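Asks: One structure follows; several queries about it will come next.
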Amino acid sequence: MVIPFIKYSKFWLFVSGAIAVASVVFLFMWGLKPGIDFTGGSLLEVSFQKSRPTVAQVEKTFADLNVNNIIVQPAGELSLIVRSGFLVEEEHQKVLNAIRTQYGVDGNTVREDRFETIGSSVSKQLRTRALWAIILVNLGIILYVAYAFRQVSYPVASWKYGALAIVALFHDVLLVLGVFAALGHYFGVEVDIAFVVAILTVLGYSVNDTIVVYDRIRENLIRRTSQTFEDMVNGGLNQTLMRSINTTMKTTLPLFALYFLGGSTIHSFVLALIIGIISGAYSSVFIASPLLVYVERWQRRVR
């Protein structure tokens, strides 16, 4: 059975547009909550053997030591993550000793799981490099797709395949950013350098899934059957549908396992990958390919 993807493409493009607009609104309203990688400062993660103190108690401990601008966040059942301004090693040891003295009683052992410190100059450099990495990846995708599809520059120019792949890619990235803007606003979820790595991975996966569909469309065009361009695109979608579903399932199943069974430190990274990969499979079918048809129709009208 041939599924008429193109026939109902207006509905799916409307849904995709609504998702993208909502994501942009979330970003403008709340923005992303930057982690220590981008703001600079210190991060201390401690775990307690029996019972964990309240957030208010830990905040008072830091206040008594004249450490201000702190954010205390529970992690798991018996851990706490504390973010603060830059702490030198002497201050770090003073804070750690105070926590152990106040809360490490009656066998409630306090263990330091992690301590990280990043200066403001390093965080600024990381922000700049992350931005340039995303820009260069997008330019590279357009150039690669334009070269790969140079044999089928009719009825749609080869560079337009790359441009439309970028449109679908922006949808996927916007969805991930919008979700994390909402999570940051309501649950305090921060983005760090691992999140940037996840975004770059989503960029690559999204365009990879789109290229698989485009490549089948290219094969149909090379054969030059009597079908219309719309039928060739719809045929390419049907021919690659099961491949897209199987690949997405095989990729996301291990990620779900990591999310539910892995440590809290990788939750944001894995969640970004799950959302981006599922969205990448969706956009290759319901955004990138239908847009090819609309571009071809528009070109016929203006000739």
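The values are calculated or read from the model by the stated rules, or taken from the named source; none is laboratory data. All values reported here derive from a predicted model rather than from experimental measurement. Ideal geometry is used to build each Cβ from the backbone, glycine not excepted, and the neighbour counts take in all protein chains shown.
Per-residue answers, yes or no, for (1) under 25 Å from ILE99 (Cβ atoms); (2) β-branched (Val, Ile, Thr):
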residue: PRO4; (1), (2): no, no
residue: LYS7; (1), (2): no, no
residue: ILE36; (1), (2): yes, yes
residue: PHE48; (1), (2): yes, no
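Asks: Taking the options SER42, SER23, name whichever one is closer than 23 Å to VAL95 by Cβ and surrounded by 14 or more Cβ atoms within 10 Å (Cβ to Cβ). Talk me through it step by step, then tell me what you get.
Replies: Working: SER23 fails: closer than 23 Å to VAL95 by Cβ.
Of the residues listed, the single one that is closer than 23 Å to VAL95 by Cβ and surrounded by 14 or more Cβ atoms within 10 Å (Cβ to Cβ) is SER42.
Asks: In this structure, does GLY107 turn out to be farther than 30 Å from ILE217 by Cβ and within 15 Å of the chain's Cα centre (by Cα)? So that I can check it myself, show each step before the final result.
Replies: Numbers: farther than 30 Å from ILE217 by Cβ: yes; within 15 Å of the chain's Cα centre (by Cα): no.
So GLY107 does not fit the description; no.
Asks: Here is a follow-up. Could you list, in sequence order, the residues of the stretch 143-170 that are surrounded by fewer than 22 Cβ atoms within 10 Å (Cβ to Cβ) and either under 11 Å from the mean Cα position of the chain (by Cα) or not aliphatic (A, V, I, L, M) (or both)?
Replies: TYR144, TYR147, ARG150, GLN151, SER153, TYR154, PRO155, SER158, TRP159, LYS160, PHE170 - these are the residues of the stretch 143-170 that are surrounded by fewer than 22 Cβ atoms within 10 Å (Cβ to Cβ) and either under 11 Å from the mean Cα position of the chain (by Cα) or not aliphatic (A, V, I, L, M) (or both).
Asks: Please determine whether any residue of the stretch 73-80 is at positive phi and touching a residue at least 40 places away in the same chain (Cβ under 8 Å).
Replies: Step one: of the stretch 73-80, the residues at positive phi are 76.
In the following step, the residues that additionally are touching a residue at least 40 places away in the same chain (Cβ under 8 Å) were identified as 76.
Yes, that holds for at least one residue.
Asks: Further question on the same structure: Taking the options TYR154, TYR214, name whichever one is in a helix (DSSP H, G or I) and either farther than 24 Å from ALA18 by Cα or at pLDDT 90 or above (or both). Give the steps one after another, and end with the answer.
Replies: Details: TYR154 fails: in a helix (DSSP H, G or I).
Result: TYR214 is the single residue among TYR154, TYR214 that is in a helix (DSSP H, G or I) and either farther than 24 Å from ALA18 by Cα or at pLDDT 90 or above (or both).
Asks: Which numbered condition trips up GLY17, out of (1) in contact (Cβ under 8 Å) with a residue 40 or more places away in the chain; (2) within 24 Å of the chain's Cα centre (by Cα); (3) not in a loop (DSSP other than H, G, I, E, B)?
Replies: (1)
Asks: Scan the stretch 23-43 for residues that are at pLDDT below 85 and either part of a helix (DSSP H, G or I) or closer than 19 Å to VAL197 by Cα (or both) and jot them down. Outline the logic, then answer.
Replies: Filtering the stretch 23-43 down to residues at pLDDT below 85 leaves 34-41.
Across the stretch 23-43, the qualifying residues are PRO34, GLY35, ILE36, ASP37, PHE38, THR39, GLY40.
Asks: Of all residues in the stretch 58-72, how many are of a type outside the set (A, V, I, L, M), surrounded by fewer than 18 Cβ atoms within 10 Å (Cβ to Cβ) and in contact with a strand residue (DSSP E or B) (Cβ under 9 Å, 6 or more places away or on another chain)? Give the steps one after another, and end with the answer.
Replies: Residues of the stretch 58-72 of a type outside the set (A, V, I, L, M): 59-62, 64, 66, 68-69.
Those still in the list that are surrounded by fewer than 18 Cβ atoms within 10 Å (Cβ to Cβ) too: 59-60, 64, 66, 68-69.
After this cut, where a residue has to be in contact with a strand residue (DSSP E or B) (Cβ under 9 Å, 6 or more places away or on another chain) as well, the list is 59, 68-69.
The total comes to 3.
Asks: For PRO4, work out the one condition from (1) part of a loop (DSSP other than H, G, I, E, B); (2) surrounded by 14 or more Cβ atoms within 10 Å (Cβ to Cβ) it doesn't fulfil.
Replies: PRO4 satisfies every listed condition except (2).
Asks: Which strands (runs of 3 or more DSSP E) sit wholly inside the stretch 44-140 and have at least 3 residues that are charged (D, E, K, R)? Outline the logic, then answer.
Replies: Details: elements: 71-75, 79-84, 110-118.
Qualifying strands (runs of 3 or more DSSP E): 110-118.
Asks: Which residues, taken from the stretch 220-238, are surrounded by fewer than 17 Cβ atoms within 10 Å (Cβ to Cβ) and touching a Gly at 6+ places or on another chain (Cβ under 8 Å)?
Replies: GLN227
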